[in-house]
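The values are calculated or read from the model by the stated rules, or taken from the named source; none is laboratory data. Values in this document were obtained by computation on a predicted structure and should not be read as measured data. Cβ atoms come from the backbone with ideal geometry, glycine included; neighbour counts cover every protein chain shown. Calculation scope for accessible area: heavy atoms of the full protein, side chains included, ligands and nucleic acids excluded. Shrake-Rupley method; radii C 1.70, N 1.55, O 1.52, S 1.80 Å.
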Amino acid sequence: TQLLEQSPQFLSIQEGENLTVYCNSSSVFSSLQWYRQEPGEGPVLLVTVVTGGEVKKLKRLTFQFGDARKDSSLHITAAQPGDTGLYLCAGVSYGGSQGNLIFGKGTKLSVKP
Amino acid sequence: EAQVTQNPRYLITVTGKKLTVTCSQNMNHEYMSWYRQDPGLGLRQIYYSMNVEVTDKGDVPEGYKVSRKEKRNFPLILESPSPNQTSLYFCASSSPHQQYFGPGTRLTVT
């Protein structure tokens, strides 16, 4: 069974701090996605990384896919209270489809003003 | 506007009373899924459907049924709900590049 381990599970920081969330697996994925989920809502896609070593930026968020396509990280610069939420990574295995995502358990981020 | 709708959003029921949670998408996607989300366990796939009349089990299918008679609808059926099915349920619809999630249904079985 393929697993995606996310760390840390919980993170509470002050506004303006930087943080990194990690998503690791022993399995190789064809692509990896990051979602953000706010209370009372479904997850919303932030980014998809496809190529090993790929780096994508979304304003203050930087996403990286590991060279071996087994891990990924999400770095937030100068966090703001609006970044608060549950961050989920999800992988598509080789031979799998977009509808067959494997999700990590998530990192719950709280950014205090 | 592209969206996935679920109904009801909240439901409290008793053990053994059959219920259906509806899911509908307006994006003409072939692939739809149901997940449950539990604290400490994350999102787990219950069932998925690759097209009309094509469904398959996900990771936690026990106690659930689905049907896909039309492309836009993918209802989740609990024939005899039990307290361990108390959870937050999400329907999702997939394009080749991403999943779109519904707003969730919070189910409590007493």
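Below is a table of values for the structure above.
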| quantity | calculated |
| --- | --- |
| Any hit, the stretch A:4-16, residues being within 14 Å of chain B (Cβ to nearest Cβ), part of a strand (DSSP E or B), surrounded by 13 or more Cβ atoms within 10 Å (Cβ to Cβ) and small (Gly, Ala, Ser) | yes |
| Qualifying residues in the stretch B:35-44 (those that are of a type outside the set (Asp, Glu) and not in a loop (DSSP other than H, G, I, E, B)) - the one farthest from the other protein chains (Cβ to nearest Cβ) | B:Arg36 |
| Candidate set: the stretch B:78-92, residues that are free of Cβ contacts under 8 Å to residues at least 60 places away in the same chain and surrounded by 14 or more Cβ atoms within 10 Å (Cβ to Cβ); chosen: the one nearest to the other protein chains (Cβ to nearest Cβ) | B:Leu88 |
| Residue selected from the stretch B:93-110 under the condition in a strand (DSSP E or B), facing chain A (nearest Cβ under 8 Å) and polar (S, T, N, Q), by the criterion farthest from B:Tyr48 (Cα to Cα) | B:Gln99 |
| Lone qualifier among A:Leu46, A:Leu32, A:Leu74 - being open to solvent by 10 Å² or more (accessible area, probe 1.4 Å) and in a strand (DSSP E or B) | A:Leu46 |
| A:Tyr22 vs. criteria within 10 Å of the chain's Cα centre (by Cα), open to solvent by 20 Å² or more (accessible area, probe 1.4 Å) and in contact (Cβ under 8 Å) with a residue 12 or more places away in the chain | yes |
| Number of positions in the stretch A:77-103 that are modelled with pLDDT of 95 or more, buried (at least 22 other Cβ atoms within 10 Å of the Cβ) and within 13 Å of the chain's Cα centre (by Cα) | 3 |
| Options A:Phe65, A:Phe10: the member that is within 27 Å of B:Arg9 (Cβ to Cβ) and at pLDDT 95 or above | A:Phe10 |
| Filtered residues of the stretch B:68-110 (kept if touching a Leu at 6+ places or on another chain (Cβ under 8 Å) and of a type in the set (D, E, K, R)) | B:Arg106 |
| Sole exception among (1) out of contact with any helix residue (DSSP H, G or I) (no Cβ under 9 Å at 6 or more places or on another chain); (2) more than 27 Å from A:Ser7 (Cα to Cα) for B:Leu78, by number | (1) |
| Subset of the stretch B:10-34 (residues that are within 12 Å of chain A (Cβ to nearest Cβ) and open to solvent by 60 Å² or more (accessible area, probe 1.4 Å)) | B:Tyr10, B:Glu30 |
| Residue list for the stretch B:45-71, restricted to those being open to solvent by 50 Å² or more (accessible area, probe 1.4 Å) and within 8 Å of chain A (Cβ to nearest Cβ) | B:Met50 |
| Qualifying residue in the stretch B:100-108 (condition: without any contact (Cβ under 8 Å) to a residue 40 or more places away in the chain and under 15 Å from the mean Cα position of the chain (by Cα)) | no |
